[in-house]
Each structure stands twice: as C-alpha cells, then as structure tokens.
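The values are calculated or read from the model by the stated rules, or taken from the named source; none is laboratory data. Not measured: the values here are computed from a predicted model. Please note: Cβ atoms are built from the backbone with ideal geometry, for glycine as well, and neighbour counts cover all protein chains shown.
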2 protein chains.
Amino acid sequence: VVVQPEQPSAAPATGRPKGTLNVARWGEILQAAGEVFDEKGYQAARIEDIAARVGILKGSLYYYIESKEDLLFALSENAHTTGLTAIVEDPELAAADAPIRLGAFVLRWMEVLAANPPYATVTDREVGALSGERYELVMAKRNELHGFVRGLIEQGIADGDFDPATDPGVATNSVFQMLNATSGWFRPTGRLTIPDIAEWYRAFVLRGLAAPSA
Amino acid sequence: VVVQPEQPSAAPATGRPKGTLNVARWGEILQAAGEVFDEKGYQAARIEDIAARVGILKGSLYYYIESKEDLLFALSENAHTTGLTAIVEDPELAAADAPIRLGAFVLRWMEVLAANPPYATVTDREVGALSGERYELVMAKRNELHGFVRGLIEQGIADGDFDPATDPGVATNSVFQMLNATSGWFRPTGRLTIPDIAEWYRAFVLRGLAAPSA
C-alpha cells in the first residue's frame, strides 16, 4: 500500500485514503474489507461488518474512507499493481522467442497469484461495482496485463511457433481464466503444489498453442 | 422445470415448489431470482426485489417457496440437470478413443453453456450458500460431471494418447474453468461465434494434453 499522508483529503478518486493516517491500520482495514466482500459479496457487505472485524467503530473507519467503494477501489488498485509486476522481463528474456516468453510469464503469474491474499479474486468478480472513472482506471491496468500476453501470442503466430488459426484475444482470455481460477479449487493439502501446477500450465498452454507443423 | 403439483408441501428440501402452482409463473420467478442473484449477489438479493421483477407481491412469492434458498437450490438443480445431459454418449462414441470422446464432450458442453440463461453462472458462484443436504446434492451432480471428464483423461493417459505427467484432477478443473468462463468475456458482436470458440477449445485441449511422443 502506497500511503501519501500529504495527499489532500479531496482525492478519493485515486483510491488513496484521505488525510493523515495509521499505515498499519489501513492495511488491516483493507484486509478486513477484502474478507468481508469475499464472504458476503460486495453489495451485501456493510461498513459495520468491516469495522467490527478490525475492532474499530464505524465512525473511525470513515476517517480513512468516504464510501465502501473506496475500499473496493483500493483493493483493486493494489491487486492490479501487484499483477503488473508479472509483465516485467529482463532484456535477455524480452529478446527470446514467444514460447519461452509466454512460458516464463505463466510461471511468474502463478507466483503472483500464490502470493495474493485468499480474497484477491473478489476484485475481479466485483469490478463492475466500481463507478465510471475508477472502473476505467482498473480496466486500463487489466488491459495492459492482457495486452502483454496477447502480444506474446501474436508474436508466436507471426514467427510460426503458434497455430495461425488461434485468435489471440480468445487465447489470452482462456489462459487467464484457467490460471486465475486455480485459487478456487486448489487445496494446499493436495498432492500437487502451486509450482507443480504452474509447470503443468506452462506445458499445457505451449503445447495447446503450438503450430500443427511445429 | 419439472413441476409435480401432487408433491406435498412439506418437501422443500427437494427444491420443488410447494403446493399446487402456476407452472409458467414458477418459470418467471426462477428467471427473476437468477437475474437478481446475478446482479446483486445472493446475500444482498431480497425476496421483495424478485417479487417486484415478476410483478407479484412478496406474499404471493411465498406461495411457491419457503425461503430465498429454495430459489437458489431450484436454479442449481436445473443448471446441473441440464449440464448432465452433456455426458450422454451414443454407443459408438462411448467405444471411441479418449481424444475423440473428450473433443466431442468439449463441443457438447459449449452447446449447453450457450443454451444457458445469462445468469447461469450464479449457481456456481453461490453454491456455498446452500445448506447441508442441498449443498451435498448439488455437489454430487457436479462431481458426476467432473468425474466423467476425469475418466476420459485417465483413459487417454492409460492408452498413451495423453501425457502421463498430467494430473487428471488438475486437467479436469482447468478444462471446466476455461470453458465455463466463456460467458464472462464473450460478446455476440465479436468476430467469433460460440461454435468457433468451441472448435478452438477442442483443438487447444487435445493438443495441450497430447503425449509428447504422440
């Protein structure tokens, strides 16, 4: 969480908390909000529920936010900022072929997902609840993430590594949906670890996209 | 919707509406419930909202149900009963190799998804809101569906058609998550139709699972 205590209080549209505040407490509030949104759904969640989970009064919570939507926006911003770290490549990797780059992205993305809190998927599910400008800001980050993968698939098709019958948009959506759904069914007590599953995703995706002659 | 007007009113656990009723109206109620659950989330949805969408009084709705959960259960039952039609194979197909059978299932499953109402995914998302016995009943149907696909993947591994490094459970989850997510991003105005996407899924899944030597 990037906290800017000098931020004027009239800037809720950026998702930053208003005024001077307690950074650790703000982190607790966001975690509680994520948990309550995940358990009850965003619309059913009440500010009182979130305050009670932190152990503060509802009025104290309003020192940090102006509305419930501020919490959803801050959670979305955090999730997408973390997510975008997965598109960073070192120069050697950036110069490699598309299958190498896409395979490495799959592993990096699964690391990001594994490091996310359990409630992280709520920001995807509830993104439609964000209003105008905030929705656009979050979708711009999501589009940047998807555009990176789509670019790799387009590169692979152009180089003859991937099946030219592939629609890059459909393939991009499919890869993200499959990977992002992992937290919904993965059990840490199972036979496989997240790195095991990530390796299988890499093999499955690269074989699935491969040009028939390759 | 299977309506049994002779059903005694003390049988809400089966998900069937209590008492004698208007079949067309029950269909309208379920559609309204699906839409409201999808828009607001199950927990935030109110019986009043559903009744208002149908154009009846809240009290009239209670002629059909005893609780909001009855509506979620009926929607879940309908969705899974429809879904299970996709695991029916004619004898010739049932005797075929795993890649043929799995490819055919992918196409049938996409037909089921395309025929579903727009709110259908809500029953997957909210399944955890069903209580005890009802949750078990719905999960048993889901397990039957997943077990069918898992069996095909196990058959393919045993026959040497699919990569022996594949975990059948992980592969089954991955296929369902990828296919089921289609309604979340598909736009009918796009370049591709659902049958186009279904064909691509079939090719992607079969190539992705293929044994390295095959």
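In the stretch A:110-134, of all residues being away from chain B (no Cβ under 14 Å) and either part of a helix (DSSP H, G or I) or touching a strand residue (DSSP E or B) at 6+ places or on another chain (Cβ under 7 Å) (or both), the one that is surrounded by the fewest Cβ atoms within 10 Å (Cβ to Cβ) corresponds to A:132. With respect to the stated conditions, residue A:107 fails to be part of a helix (DSSP H, G or I), surrounded by 20 or more Cβ atoms within 10 Å (Cβ to Cβ) and either in contact (Cβ under 8 Å) with a residue 60 or more places away in the chain or touching a Cys at 6+ places or on another chain (Cβ under 6 Å) (or both). Residue count for the stretch A:169-214 satisfying the condition of being outside any loop (DSSP other than H, G, I, E, B), more than 9 Å from chain B (Cβ to nearest Cβ) and over 23 Å from the mean Cα position of the chain (by Cα): 0. Looking only at the stretch A:191-214, residues that are over 16 Å from residue B:210 (Cβ atoms) and out of contact with any helix residue (DSSP H, G or I) (no Cβ under 7 Å at 6 or more places or on another chain) come to 5 in all. Looking only at residues of the stretch A:22-42 that are part of a loop (DSSP other than H, G, I, E, B) and modelled with pLDDT under 90, we find that the one that is nearest to the other protein chains (Cβ to nearest Cβ) is A:41. Take the conditions (1) part of a helix (DSSP H, G or I); (2) more than 16 Å from the chain's Cα centre (by Cα); (3) modelled with pLDDT under 95; residue B:19 misses just one of them, which is (1).
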